[in-house]
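Quick notes on the structure that follows.
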Amino acid sequence: MTICAVIASVVIVLIFLGANSLSSDSGLLNMPSTIQESEPVEITKATFLENGSPILGDVNAPITLIEFGDYQCHFCNVFFHSTEDKILKNYVETGKVRMIFKDYNIIGPDSVNASHGAHCADEQGMFWKYHDILYSNWAGENNGWASSEHLLEFAQKIGLNVNDWSECMTNTPYSQKILASNNDGRNLGLTGTPAFFVIDSDGKVTRIIGAQPYDVFEQIFEEKLKNIDQ
């Protein structure tokens, strides 16, 4: 049983100082199903903003939406199909919100490989196109739809230079970045995906757990934008 689930709660948190990172690939394939007791970690802006995707939208947008997701996660796919398009249309394309996707691989090795595929696509400026084709072809958890063969097919479909992309996949230069993103999620206490953080220009953070409906995001965005305008 995976821990990819919808949890209906919205929690307000604040940015603190400090951050840690993982050190080896073994961390990706042995993610704990629950958060283990450990020494308290300090949280910084880097915990939210680094080790993720390129920014989608206006880099100077006053609101930042960070998603921690797993490409095999059912509810991440639900968010992509039911909510993300509305956020893009009404907030990202209008310059009010910018988006960052961060890897939180909790389901299996194909999740990690899919993350590598997206980062390798970023070398050709196509991170978000690859991100989209992954979720557009979602077909469950650990059933082979995100196999190496299918990941290559997705690269071909969006027009990547397959030789360069394949070389990147073989060399896995983004292993540490993906590990660090996973560690950021664990430091933030995440136990499932998707999980979202909405950060305003004052550094105040609102956490949204689960594939909440569009109205939840809209309410939080509007409240933060109203505070900015005051």
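Taken together, the values in this text are just the output of simple stated rules run on the coordinates, not laboratory data. These numbers were taken from a predicted model, which means no experiment stands behind them. Methodologically, a virtual Cβ is constructed for each residue, glycine included, from the backbone with ideal geometry; neighbour enumeration extends over all protein chains shown.
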Checklist entry - Quick one: if the Förster radius is 22 Å, what FRET efficiency do Asn171 and Asn142 give, using the C-beta to C-beta distance and rounding to 0.05? => result 0.30
Item to check | Amide proton proximity set for Ile55, modelled H, under 5 Å, gap of 5+ | outcome: none
Checklist entry - Which aspartates and glutamates, on any chain, are close to Lys226 with Cα under 20 Å apart, when same-chain ones fewer than 8 places away are left out? => result Asp58, Glu93, Asp200, Asp202, Asp215, Glu218
Checklist entry - Where does each of Val198, Val97 land when they are ranked from fewest to most other beta-carbon atoms within 10 angstrom? => result Val198, Val97
Checklist entry - If r is the Cβ-Cβ distance from Glu153 to Tyr214 and R0 is 22 Å, what FRET efficiency results, to the nearest 0.05? => result 0.10
Checklist entry - Where both partners of a DSSP beta bridge lie in the range 33-118, what percent of those bridges are antiparallel, to the nearest 5? => result 10
Checklist outcome for this item: the range 137-166 and the range 173-191 have their Cα centres apart by a whole-number Å value of 22
Checklist outcome for this item: Kirkwood Rh over alpha-carbon pairs of the range 12-229 plugged into Stokes-Einstein at 10 °C, 1.306 mPa s gives a D in µm²/s of 90
